[in-house]
Each structure stands twice: as structure tokens, then as C-alpha cells.
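Report on one structure; see the data block that follows.
The values are calculated or read from the model by the stated rules, or taken from the named source; none is laboratory data. Since the model is a prediction, treat every value here as computed from it, not as a measurement. All Cβ positions, glycine included, derive from the backbone under ideal geometry; neighbour counts span all protein chains shown.
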Protein chains: 4
Amino acid sequence: MPEKLFPTTRLEAFSDGVLAVIITIMVLELKVPEQNGPAGLLKIAPILFIYFLSFTFIGIYWINHHHLIHRTEQADHRVLYSNLAFLFSASLLPFFTAYVIEKHADSFSVALYAASMIVTGITFLLLRLAVGRLLKQTGGLQPEDIATERKHYASLALYLIAIPLAHFHPYLALTAITLVTVVWIVPTAATPACPEDSTSYR
Amino acid sequence: MPEKLFPTTRLEAFSDGVLAVIITIMVLELKVPEQNGPAGLLKIAPILFIYFLSFTFIGIYWINHHHLIHRTEQADHRVLYSNLAFLFSASLLPFFTAYVIEKHADSFSVALYAASMIVTGITFLLLRLAVGRLLKQTGGLQPEDIATERKHYASLALYLIAIPLAHFHPYLALTAITLVTVVWIVPTAATPACPEDSTSYR
Amino acid sequence: MPEKLFPTTRLEAFSDGVLAVIITIMVLELKVPEQNGPAGLLKIAPILFIYFLSFTFIGIYWINHHHLIHRTEQADHRVLYSNLAFLFSASLLPFFTAYVIEKHADSFSVALYAASMIVTGITFLLLRLAVGRLLKQTGGLQPEDIATERKHYASLALYLIAIPLAHFHPYLALTAITLVTVVWIVPTAATPACPEDSTSYR
Amino acid sequence: MPEKLFPTTRLEAFSDGVLAVIITIMVLELKVPEQNGPAGLLKIAPILFIYFLSFTFIGIYWINHHHLIHRTEQADHRVLYSNLAFLFSASLLPFFTAYVIEKHADSFSVALYAASMIVTGITFLLLRLAVGRLLKQTGGLQPEDIATERKHYASLALYLIAIPLAHFHPYLALTAITLVTVVWIVPTAATPACPEDSTSYR
């Protein structure tokens, strides 16, 4: 049904815009410490680290979004709406980042932070399914799609473990969340995700 | 008069940028509750819901904007200025969202919220008329345009009802506004809005 | 010297992004009034009007920027740096808008507001000259360019008059600034600025 | 290995978006002075100058980013991740700018400001190396690349000198930082960086 689709160029542009704003306005949550000198900077080091975690989280999703939408040149309404749902849950990350920062990474705020990452992961899965459905029709599904999907499920499991973990050791939970970030960066850097020649794209 | 027009690529890019910023900076209105634990989150749940409503409102307009501008490849000054008017009224939504949140959804703030949605709807109608005028010249008007326009009028009527309703039951008025959102998501997801093959677009 | 130039696509994208953020973050300056009901809204009506003026100012410059860059497909470093200078002075508008709002439109703040508009106008003239220099080389200069340039000078003159005017009657100065806005919207809506067929552009 | 690459269009779009937001939200750090009249403006003049420095810093990096990515039409994961690292360190500039402003340009804050510029410079070097690695494969490396790289190292050296300098004379350190800005603007404006005909690009 190619006549029911429309091009993904504006979907990409809008998503890039929203993700760019999300990733950047989080810096507004960073408050200059009252204490002068290195002591002040040291005091806000954990806050800088949480900012780093959130930035990397959005950055990784941007790369995945890029790879996913890159596969298809057209989108249907299912893709559009699951994309909006993904952007909505991602847009809450600056808020939940502020939550962790202002609550000094207490159990509940860290659990909430992990939970918001799970919701973002689930909406991204919906987007992945919506795109996969289109690709199956046009025969564009590939083995890597399944591999990335599996990695995605593993990340969600780690975030899920982080929630009860936050109850006992909030910083251990943050370590689990950091681990997911590391896992995504390292192997993706090793294995390319777009095996087809993409020069002709766009 | 093709010589009096210019391409819509930058109109789309600028509108995408403005709508992306509008939809995302609203999250800055969400304040972390003072109360610790789930009780604090529960307290701000209505605020999160209003954020959700505003996000969806802009999201739906982005999709409609996408469909509308997609029809034409060129724009005249009427389109440019009605688009600026639409973006201006949409840009006030974060302010009126903050209004509802800070006034704890009292009658006046909810009525104002609904009124701002009506103004945004009217400016979008102006944009629709400006694009429609261009399409009539080039013969690109289609039955769906009229169907969507009718749906648009129905939404405006519901927002209009929400204003006096807010006087008596602010939450009932918010329900009416939510209803419009639901109506737009559900049937649009079912019926595609771009029946022509759009692969060749751009 | 076509080999010393590069395409304007990213120049447009970056400028669109910066102008979109400028135009939208100004809404963060709007504070919800403490007073409940219509009285509160009425109290902030002048603030809303100043926001409207600033929004329209950037909107008109975006349209002019669009027309200007549209003329050329390539840019040299002169264009790049004058564009950055234009974006820099435009980026200060949210600050000077906040200035007028927080100082309740006193003489000095309104004069400063007009002065910042003049600086933005001058940097835009520099950009216009840089593009004009390129167009002269490629023979793309047109009569409308000169017409718009004249209109531009007239606007600068009105802003210049607004500065001493602000000393005696701040609101009269704001009226002069509003007048410029009206002048730009009305005739531009009547006379198109891109007489060539632009379908083939990009 | 062309099959392991993907197009740079979205990399450019996302980077443009992030840099546009970074460069613009810094204006939110500018606070309207309490004092009325010209005295108030004079008081915040140093703050405006630091905003100008930060704006120009990002502006210059945007131009360099533009030139760098312009060279290649495709990117691998090394490019993607070094680009994210560059955007991350650049995104901290509004925070370190606020740091300098709120600490009234004391020794530590200025040293921190220079240090953050060095980190941004280093991540940009990583990006340059990642792109250079791709270009070597496709044979696209050019003499100017080496020239710009040398200029880049010189800038880093100046920033490095600014750190101990800040300990004794913070304003002298800021002058060194300003010098780097001037050096980048002046010769780049004279010597074009893209000697090949770029009309056919994109």
C-alpha cells in the first residue's frame, strides 16, 4: 500500500529538533554551586555525572532512531503516532533528571528515573514494531534488526532490575543504568548497523 | 502564477524547529515536588496530565501541519504570514499551560487554556485556507481536505463548549479538551490522509 | 570564483534553528500573574503585546532571511560571518524583551529595545551586502533587491526616531516600532519578493 | 568499505539543532539588572561580553563542523560517537558561562571556562581524526585539512596557557580566550576552506 504512506524527511527533522532541545535544555538544570573554588565543582560532580547519563541516553536513542528510520523512506500513521509517543516519554527525561538531582539521588527518584527510561524504551519498541511492519511489507527486514531488538530487550531488563535495586542502593542502580549506556556504546561502535550501501539514500 | 511562489522546504524546517521547541520547553514548567517518595509524584500527577494534553495538542497540529504543507510544494506570502500567525498562537501554549498549572486548574485558567486552543485552531484554519487557495489554482484540492476541515470545525466547537463549562466544572472542561485529542488520534490512525504516492515528494 | 563557495543548506538549517529557539524561548519570560481571574490577565496584557512585537520582529526577519538566502545557492566566508553577527544580535532580543518587561517599559529600556533592533537591522544589512556582492558576481541582482533594501533603510530610520522618542513617551516609541512591523507585513503580503519560478530550487 | 557507512544529512541536522539550542539558551543566563537607566546596563556589560565570547566560540565551531562534515558524505560509528562527545562537551558551555558570570569571573571560574573550551577542542579533534580516517580511505584528504588542524592545536595551546593565567589575572586569561576567537575569525575570513567546487554537493 505505497499510496497510504508519506516521506520520512519531516519526521526525521521534527524528531531531530525535539531530541536536540531535550538533550540541551537539561543543562539548564545544572546550577552553579555557591561555594567558590574546586570544592564547589567537586560538590556538583555527581550532578554532572547524572547529566552525562541523561545526555548519553538521549544520544544513543538518537543514533538508534537514525538507524531505524533510515531503513524506511516512508511512514504510515502508526509510525507517526508511535514516534510522538516516543518523543513524549523522552521529553520527560529532563524532568526526571531534575528529580534525581533535586532529591540527591534518593531511592524513589532513581527508581523513577529508571522507570522513565523503561517507558521510553517501550515506546521506542512500539516505533520499531511499526517500522518493522512496514519493512515486512516491502521486504526490507534484516538480521541486524532482530539483533538490535534483542539488545533492546536486554537493556529494558537491566533498567527493570535497577528499580528494586534503587530501593536498597540508589548508586548501585545508577551503576546498572550506566552499564546499559556502556554496553550500547562499545559494541555498536564495533559492529556497524547499516550494511547496505547508503550513498544513494536521499 | 508559479513565479510568485517559493519552495516550502524552509517553511517546514522553521515550523518544525518552532514546534519542536514549544513542545519541549513546556517540560521546564514541571517542578520537582518538595515531598519525597510516591506521595510527591502523586501530587504532581494532574500537572503531568496537563503537560500530556499540551504535548499531544502540539503533536496533533504538527501532524496536520505536515499533511497540509505536504500538499503543496510552494508557498505565497499569504501562506507565510498565516503560518507565522499559527506559530505565534501555538507559542503561547507553554504560557497558558503554566497558567493552568500555577492556578491549580481554576475556572478562569482552564477557560483561557481552551480559548488559546481555539485561537490556534483559527490561525491554522487561515493557513488551511491560504494553502487551499493555492491548491485550487493548481487543481490539487481533494475530498479528504474537506473531511479534515469538517473535523477541524468540530474540534473548535468542542473547545468553544469547554469555555463556559470551565466556569462550572474546570475538570469537565479539561475532559472535553481531552476528548478532542482522543478523537483526532483514533480516526486519523485509521484513515490515512495522503492517498497519493508520496515517494516522489521532494 | 565558484570554487571558494559552499552550499547554503546548512546555513539555512542553522539559522532556522537559532531563530526558532529565539522566537520560542521568549515565552519563558511571560510570568503567570499572581492575581486570579480576568484582572490578572489584563494586568499582563502589555507584556503579551511586547512579546507579540518581538515575535513579529523575528518572524519578519526570518521571512527576509529566507528571501535573501534563497537568491544564492552558495555562500562565502563573508556571508557566513555576517550571518553569525546577525544571529548574535537577534539572539539578544529575548534579553532586551525581558528588559522592557521587567522595567515596565520605562524610557531607557524602550530605547535599548529600539537600539537592539537597529543593531540587528545593521547586521542584516551587512548580510544583505555580502549576498549582494556574490550575486553581482554571478549576475543575479534584481530590482526588488534594491526596493527591499530601501524599505530596510526606512525601518532603521523609524527605529532611530524611536530612541529619542522613548525618552519622552516610551509608549509612543513602542507605537513607532509597531508601525514598522505593520509596514513590513502589509506591503510584503501584497508584493511577492521571488519573481522567478522557484520550483527548481534545491 | 562503503557499505559500513551512512549519510551525514541527519548528523548535520542534529548537530545544527543542538548547537542552535546551545548558542541561544545562553541568553537565558543574562539577567536584567536591578538598577535603572544606563548605569544598570553598564554594570552587566562584562556579562554581555562573556556571552559574546561563548556565542562566538560556538559559532566558530559550527563553521568548522560545517567544513569538516562537508568533506565527507558518509559517516561511520566512530564519527557518530565522536560527534556526540563533541556535542556533549559543547552543551556544557552554557553552564560554564553561567559559572563565570555568577562567580564574577574569579580565577577558578575562568580557568574552568578555559578548561571546558579545551575539552570541547579535544573532542572536536577526535571528530576531525574520525573524519580524516574516512577521507584517507576515500582519498579525500587535502592540504587545508592539515593547515586547519595546526591552527586548532595552536588554539588549544592558548586555552591551556589561559588556565594558569586565570590564577593570577582572570581578565588577562579572558583576553587570551578572546585572542583565539579573533585569530579564527580574521584569517578564516581571508582564506576559504573549501577550494573544491561544492555546487554539486547534496
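Quick notes on this structure:
- Criterion applied to C:Leu19, C:Leu42, C:Leu87 was being assigned to a helix (DSSP H, G or I), surrounded by 22 or more Cβ atoms within 10 Å (Cβ to Cβ) and more than 11 Å from chain B (Cβ to nearest Cβ), and the one residue passing it is C:Leu87.
- Any hit, region D:67-74, residues being over 21 Å from D:Ala114 (Cα atoms), at the interface with chain A (Cβ under 10 Å from one of its Cβ atoms) and not in a helix (DSSP H, G or I): yes
- Test: residue in region B:187-195 that is among the β-branched types (Val, Ile, Thr), within 16 Å of the chain's Cα centre (by Cα), in a helix (DSSP H, G or I) and at pLDDT 70 or above: no
- Residues of region D:140-151 satisfying the condition of being in a loop (DSSP other than H, G, I, E, B) and either at pLDDT 85 or above or touching a Pro at 6+ places or on another chain (Cβ under 9 Å) (or both): D:Gln142
- Tally of residues being of a type outside the set (Gly, Ala, Ser), at pLDDT 90 or above and farther than 16 Å from B:Tyr81 by Cβ across region B:1-22: 4
- Scope region A:7-63; condition β-branched (Val, Ile, Thr) and over 30 Å from D:Thr9 (Cβ atoms); matching residues: A:Val32, A:Ile44, A:Ile47, A:Ile50
- Residue among B:Ile118, B:Ile47 that alone is over 15 Å from the mean Cα position of the chain (by Cα), more than 7 Å from every other protein chain (Cβ to nearest Cβ) and part of a helix (DSSP H, G or I): B:Ile47
- C:Leu30 at the interface with another protein chain (Cβ under 7 Å from one of its Cβ atoms) and surrounded by fewer than 23 Cβ atoms within 10 Å (Cβ to Cβ): yes
- Flag for B:Phe52 being surrounded by fewer than 17 Cβ atoms within 10 Å (Cβ to Cβ) and facing another protein chain (nearest Cβ under 10 Å): yes
Yes/no matrix, rows are residues, columns are (1) crowded, with 20+ Cβ neighbours inside 10 Å; (2) modelled with pLDDT of 85 or more:
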| residue | (1), (2) |
| --- | --- |
| B:Val110 | yes, yes |
| B:Ser116 | yes, yes |
| B:Leu126 | no, yes |
| B:Leu129 | no, yes |
| B:Tyr153 | no, no |
| B:Ala157 | no, yes |
| B:Leu160 | no, yes |
| B:Ala166 | yes, yes |
| B:Ile177 | yes, yes |
